[in-house]
Amino acid sequence: MSILVTGGAGYIGSHTSIALLKAGYSVIIADNFFNSRPEMIQKIEQLAGKKVIFYEVDVTNEQAVNQIFIHHQIDGIIHFAGLKAVGESVKKPLKYYYNNILSTLVLAKACHKYGVDKFVFSSSATVYGDNKVPFVETMDLLPTTNPYGETKVMSERILTDFGKVNPNFSVSLLRYFNPVGAHESGLIGEAPNGIPNNLMPYITQVAKGKLERLRIFGNDYPTVDGTGVRDYIHVMDLAEAHVAALEHLTPGVNIYNLGTGKGTSVLELVKAFEDANGITIPYEVVARRLGDIAECYADVSKAKRELGWEAKRDIVTMCRDAWRFERYYEE
Ligand code: NAD
Ligand code: UD1
């Protein structure tokens, strides 16, 4: 089977491409390197021991995307390509709506035109808004606080409506919780541009001495120790979940939470990182970050039941692997 992986040079897409190649799939990556680098393609090939086909294209460009379908037999698509900086999406909403919505539309149209009926979409736990934890797939979605989140809600809706009138179309909407960590080789991982917005890359950059200290956004939430609680999931577990999702696609819309089902607070993550790596992380508590919720973790029973998948790597492994990557990574 041949899978088109959009955004395959990015953080989650690169790890998933390796998992797909290892599982015997052929992989065609389409990426415009907006938030990634060309060297990633060779690294994927090196780690998987197999070649990929690569197209440097913007997947909002319909003509360019159609060329891929004309030249290759494609059995399924995993659509990772998207912009993901929440804060930037508030400042530049049109950029986010244009890129994230148009890419989904272009790919759904190509499915229709070229008879591709397997689609896996990168959604996010952000679509649950401030629901009561644990989040379950059957919950009503609540408004997100930013355009990024809305692009996920809208893309889910577009693919669902398309699926309703195309009975053979099988779509999996994967709602990721908080992906962290890196491939165990330390060769690939998360390398955000500029100062990281997310907690784990911030911690690893403090550990490396690139940043002075962690700023913890609030310690007055109604949680175990007052700091925000999230469901961190190792990126390789997430990668393997995509293989499981592809293998279990059935016609219609399939929605899955991908997390561990376990909440970890900011202070607990800092402690786990310190214990796992023997490094002290200096921190200070500052005001809450606008738009943050107190707790976010998944009910993961559906993925386990229907996909036969569950996360295997614990928080210590996540911290070790994140640090192994950061330690040797050179910009
Ligand atoms: P990433 O930025 O590392 O990877 C995205 C890739 O898509 C990049 O390589 C980028 O160059 C590419 N891209 C973006 N727009 C493109 C376009 N128009 N055409 C071609 N390529 C394009 O991000 P990631 O963390 O790997 O996230 C992958 C997907 O998962 C995104 O859709 C993101 O919204 C979603 N997601 C991520 C997280 C997370 O915490 N990382 C959580 C929930 C959902
Ligand atoms: C963020 C996004 C969310 C996205 C998710 C995964 C926001 C508001 N939300 O969620 O839409 O789906 O990433 O990519 O950006 N924290 C600190 N100090 C820091 C960074 C974070 O204390 O420097 C805290 C946060 O307040 C939160 C926890 O750490 O409690 C995790 O934060 P983060 O890694 O940014 O992820 P989310 O807030 O879950």
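Rounded to the nearest 500, the 222 nm mean residue ellipticity of the chain from helices alone is -12000 deg cm²/dmol, with -39,500 (n - 2.57) taken per DSSP H run of at least 4 residues.
If you average 1/r across every pair of different Cα atoms in region 72-135 and take the reciprocal, what Kirkwood value do you get, in Å?
It is 13.7 Å.
The label-point distance for K132 and N66, in a model that sets each label 7 Å from Cα toward Cβ, rounds to 5.1 nm.
Please grab the % of Cα pairs in region 212-317 that end up more than 19 Å from each other. Spell out each step's value before the answer.
Numbers: 2973 of 5565 pairs.
That tail contains 53 percent of the Cα-Cα pairs.
To the nearest ten degrees, helix 93-114 and the longest principal axis of the Cα atoms of the chain are 40 degrees apart.
If I take all pairs of Cα atoms in region 94-231, what percentage of them are more than 20 Å from each other?
Of all Cα-Cα distances in region 94-231, 61 percent exceed 20 Å.
Size of the chain: Rg and Dmax of its alpha carbons, in Å, are 19.0, 56.
Averaging the Cα positions of each part gives two centres, and for region 147-189 and region 1-74 these lie 16 Å apart.
Percent of alpha carbon pairs in region 1-155 separated by more than 29 Å? Could you put the intermediate results ahead of the total?
On the way: 2386 of 11935 pairs.
Tail of P(r) above 29 Å: 20 percent of Cα pairs.
Annotation: aspartates and glutamates with alpha-carbon distance below 12 angstrom to K118 (same-chain offsets under eight excluded): D75, E247.
Checking the cross-link pairs K91/K113; K22/K304; K109/K152; K271/K312 against a 25 Å limit on the alpha carbon distance flags K91/K113 as lying beyond it. What residues from region 238-258 fall in the zone where the backbone N is under 17 Å from a label point 7 Å along the Cα-to-C-beta line of N168? Zone members listed by number: 249-253.
Quick one: R175, R327, fewest Cβ neighbours within 10 Å first, how do they rank? Could the numbers behind the result be given before it?
On the way: R175 23, R327 13.
Listing R175, R327 from fewest to most nearby Cβ atoms yields R327, R175.
Bear in mind these aren't lab numbers, they're just calculated from the coordinates by the rules spelled out. Here the structure is a predicted model, which is why all the values come from computation and not from measurement. Please note: Cβ atoms are built from the backbone with ideal geometry, for glycine as well, and neighbour counts cover all protein chains shown.
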